[in-house]
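Just so it is clear, none of the values below were taken in a lab; they were calculated from the coordinates. This is a predicted model, so every value here is computed, not measured. Cβ coordinates were reconstructed from backbone atoms using ideal geometry, including for glycine residues, and neighbour counts include every protein chain displayed.
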Amino acid sequence: MAYSYVDYVNDQKDRNPCLHRLADFLADANERQVHPAIIFCIDYSQDEAQSPQSWQISPKDGETHAKAAQNLGAQGFEKASSAVPEESLRESKLREVTTISPDCQGRLILVENIDRLTLIHLSTQYDIAPLFFATYLDSTFSKIEDHSPPP
């Protein structure tokens, strides 16, 4: 069985209690997020910055292309072979976000309304430490005498 980013965060939260909210966020298997995640990327080459690109990943993008076409009543989607798992709209968009051209020397990624699957994908792709996301998810200072403060 593969060791996932969620497993890694769960292992770390015992040693670093400020990761508990991140672990709870990642454990939301019901995916209660209703707002789309909006991702902006700006690529930098040696000479200039490229125009920003944007993607909107809605909660329904977890469906496969064929399932989305069936739900929309469209016939234009090609059926995938049953031997190859079909890529969801979310996976397709996230693959586009993380595909960088060879002449790119840097990329700035801004995410609004990040969801758990986008967070997992970006964290895994770019090897982002859990503490980075924990600082954004846990900003409460309530009951500081009972719990460790957020990072």
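Starting from the Cα-Cα distance between A2 and D103, subtract it from 0.36 nm times their residue separation and give me the gain in nm to one decimal. Walk me through the numbers on the way to the answer.
Working: separation 101, 0.36 × 101 = 36.36 nm, distance 3.28 nm.
33.1 nm is the gain from fully extending A2 to D103.
Given a Förster distance of 41 Å, report the FRET efficiency between D24 and Q50 from their Cβ-Cβ distance, rounded to the nearest 0.05. Can you show the working numbers first?
Numbers: r = 37 Å, r/R0 = 0.89.
Here the calculated transfer efficiency is 0.65.
Taking 0.36 nm per residue of separation and subtracting the Cα-Cα distance, what length does fully extending E96 through E112 add?
Length gained, E96 through E112: 4.1 nm.
If packing is taken as the average number of other Cβ atoms within 10 Å across a peptide's residues, how do 12-19, 130-137, 46-53 rank, most packed first?
The peptides rank, most packed first, as 130-137, 12-19, 46-53.
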